[in-house]
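Please read the structure below before turning to the comments.
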Ligand SMILES: [Zn+2]
């Protein structure tokens, strides 16, 4: 039998990426943070603001290519029990006295990783290493942003445990994409943090405490909106896409009383604060002479590694599907600006026989059920051959 699989990916685009703030929001956060810096730092950052902006999303891309990356983007606080938000050790070494490293990594190491990257950035400032300063600043901006997303602090990260599948990209991508242009990002000047580890945990705490409304309000509105008013269809990037409707988004945003904006503003502030703190800790090196010609900008060549097991996050869970989630994840990489994938799967048994196609159910649950496709659906766009 000829082994030819055709996959059509009809992607539900809720906005930007697969993890953390959507691509749009991550870029926005890093870019806005530059404007909070003191003139001594601004001289360097402003010159490289496009790099800082564009590379804000690199850590998410890295998840598919670098082992150990995925767990840096979240922490499942509620996996540790009721009062974990207050009792989990704030320092990595203390955490290791109680839990194994494997256990910590499995549940996410987001807050501890932020501090680790901040230390690396301080070292880069000490060396006046322009490339490292830029790469680490962009990374740090991403990780700090992630720690402000409520759904990055829970095992119910995409509403999959409460029948709210898709809420993650909705909150962090669809809303900012639709509304962030109206957000107010004047959040003061960068400030020094005496104890950055504790500051990150405060951010995580704030995000986690916001989780209740994130889920509750979505549920309330879902009861009020008929299905055909909750979602809308659009074509994006040549693919048929389904997304939360504008009306539903606006109603949710208003019910949350600007929560998404608040979290974005806090992200921007903390990103600038941490860049600034790293610079101060390095003895405030003079950055005016630290230049980087255009053609020497660091580039990251990320090749998806199929061996890497990436957590089935937003929309990817193929429990009864013959293709592994890892493989599917790698297929999704080219569509990294998209979310929750609905997958259509065709097997061509022989040239003479008709394709047998199946498709996944939509994101009503994270357990995928295969259903036969109707023949007229073969004009599906976005076919990927593997
Ligand atoms: Zn992320």
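Results, tabulated for the structure shown:
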| item | result |
| --- | --- |
| Residues within the range 65-97 that are farther than 16 Å from residue 139 by Cβ and within 15 Å of the ligand (Cβ to nearest atom), tallied | 2 |
| Failed criterion for residue 198 (all others in (1) out of contact with any helix residue (DSSP H, G or I) (no Cβ under 9 Å at 6 or more places or on another chain); (2) free of Cβ contacts under 8 Å to residues at least 24 places away in the same chain hold) | (2) |
| Extreme residue, surrounded by the fewest Cβ atoms within 10 Å (Cβ to Cβ), among residues of the range 42-66 that are in contact with a helix residue (DSSP H, G or I) (Cβ under 6 Å, 6 or more places away or on another chain) and at pLDDT below 90 | 64 |
| Elements of type helices (runs of 4 or more DSSP H) in the range 120-239, at least 3 residues being at pLDDT 95 or above | 130-146, 196-209, 211-224 |
| Residue match in the range 5-14 (condition: within 16 Å of the ligand (Cβ to nearest atom), at pLDDT below 90 and in a loop (DSSP other than H, G, I, E, B)) | yes |
| Odd one out for residue 37, checked against (1) in a loop (DSSP other than H, G, I, E, B); (2) modelled with pLDDT under 95; (3) away from the ligand (no atom under 16 Å from the Cβ) | (2) |
| Condition check for residue 104: part of a helix (DSSP H, G or I), assigned by TED's automatic domain parsing to the domain that holds residue 31 and buried (at least 21 other Cβ atoms within 10 Å of the Cβ) | no |
| Per-region count, the range 196-228, residues farther than 15 Å from residue 170 by Cβ and surrounded by 12 or more Cβ atoms within 10 Å (Cβ to Cβ) | 14 |
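This table checks each residue for (1) surrounded by 22 or more Cβ atoms within 10 Å (Cβ to Cβ); (2) touching a strand residue (DSSP E or B) at 6+ places or on another chain (Cβ under 6 Å).
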site	(1), (2)
136	yes, no
143	yes, no
151	yes, no
170	yes, yes
179	no, no
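The values are calculated or read from the model by the stated rules, or taken from the named source; none is laboratory data. None of the values given here were measured: they were computed from a predicted structure. When we count neighbours, we look across all protein chains shown, and the Cβ atoms used for this are built from the backbone with ideal geometry, even at glycine.
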